[in-house]
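The values are calculated or read from the model by the stated rules, or taken from the named source; none is laboratory data. Just so you know, these numbers come straight off a predicted model, no measurement behind them. Cβ atoms come from the backbone with ideal geometry, glycine included; neighbour counts cover every protein chain shown.
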Amino acid sequence: MTLRPSAAAPPDAHLILASHLRELFNRGPVPKALAGLSAQAMSATQGYQVYSVNLDDLSAGRLLDAARPQSWRYLLLEHGAAVAEADLQTDASGASRVVAVHRGPSAGGTAQALSAMAGTPALAQDDYEPRLLEIPGVHFVGLWLAGQAGQYIVPIAPDRSSLPRNQVLKEEEVLPVLRQQAIEVLAQQRDKPGPSGG
């Protein structure tokens with residue numbers, strides 16, 4: 001298996017990230033997401049696009065075909081280990097800017113999943129574009145491997161669905177679980193009283 005970054009990724013992303021990180025470290029105080037890290041020891045991976053699916057589409061049985069791009073994400077590495085993430089967004093003019101830098105289980109979860117996928121026999125015969133699929137309404141986070149031969153989803157930390165983490169799954173294996181969760185969440189939202197109590 002070969003992971004191929006999207007050709008649509010912002011071409012100047014690493015320069016933008018480096019400039020933004022220098023500013024964060026130099027202006028002080030260092031943000032909590034970067035506390036204890038060394039600017040000199042940090043680097044960034046190739047970018048991958050973050051997609052999301054709303055609960056209405058998911059409850060109607062639509063997953064990957066309803067996924068909408070949100071931002072570009074870059075793993076931030078310190079001495080080769082994933083320690084944080086940075087999100088970039090590109091406006092209509094093509095200009096990109098950093099919109100978030102965050103630290104949490106998603107960075108390590110993504111790196112772990114990417115490493116685990118390298119030796120997976122089911123993926124050996126194709127190249128894949130790595131994407132990230134986030135569905136906050138059902139607390140789902142997964143690596144989405146988009147290839148010519150197929151589309152695969154790998155639930156990763158901090159996913160809180162009942163799906164097995166770091167296992168390569170087909171969309172038809174993931175969709176029934178997430179769809180049921182979306183239906184339940186929407187039902188709870190409908191049943192919840194509004195501000196007036198009605």
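Structure above, values below:
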quantity: Unmet criterion (only one of (1) touching a strand residue (DSSP E or B) at 6+ places or on another chain (Cβ under 6 Å); (2) basic (Lys, Arg); (3) modelled with pLDDT of 95 or more) for Arg103; calculated: (3)
quantity: Qualifying residues in segment 2-33 (those that are outside any helix (DSSP H, G or I) and touching a helix residue (DSSP H, G or I) at 6+ places or on another chain (Cβ under 8 Å)) - the one nearest to Ala95 (Cα to Cα); calculated: Pro10
quantity: Search result, residues across segment 136-158 that are in contact with a strand residue (DSSP E or B) (Cβ under 7 Å, 6 or more places away or on another chain) and of a type in the set (Val, Ile, Thr); calculated: Val141, Ile153, Val154, Ile156
quantity: Only one of Leu132, Leu64, Leu76, Leu114 that is of a type outside the set (Gly, Ala, Ser), surrounded by 21 or more Cβ atoms within 10 Å (Cβ to Cβ) and either touching an Asp or Glu at 6+ places or on another chain (Cβ under 6 Å) or under 20 Å from Pro164 (Cβ atoms) (or both); calculated: Leu132
quantity: Members of segment 34-56 found to be assigned to a helix (DSSP H, G or I), touching a helix residue (DSSP H, G or I) at 6+ places or on another chain (Cβ under 6 Å) and free of Cβ contacts under 8 Å to residues at least 60 places away in the same chain, listed by number; calculated: Ala39
quantity: Within segment 40-51, considering residues that are surrounded by fewer than 17 Cβ atoms within 10 Å (Cβ to Cβ) and farther than 12 Å from Pro130 by Cα, the one nearest to the chain's Cα centre (by Cα); calculated: Ser43
quantity: Ser106, sole failed condition from (1) surrounded by fewer than 20 Cβ atoms within 10 Å (Cβ to Cβ); (2) without any contact (Cβ under 8 Å) to a residue 60 or more places away in the chain; (3) among the polar types (S, T, N, Q); (4) more than 23 Å from Glu23 (Cβ to Cβ); calculated: (1)
quantity: Criterion: modelled with pLDDT under 90, closer than 29 Å to Gly150 by Cβ and surrounded by fewer than 18 Cβ atoms within 10 Å (Cβ to Cβ) - qualifying residue of Pro5, Pro31; calculated: Pro5
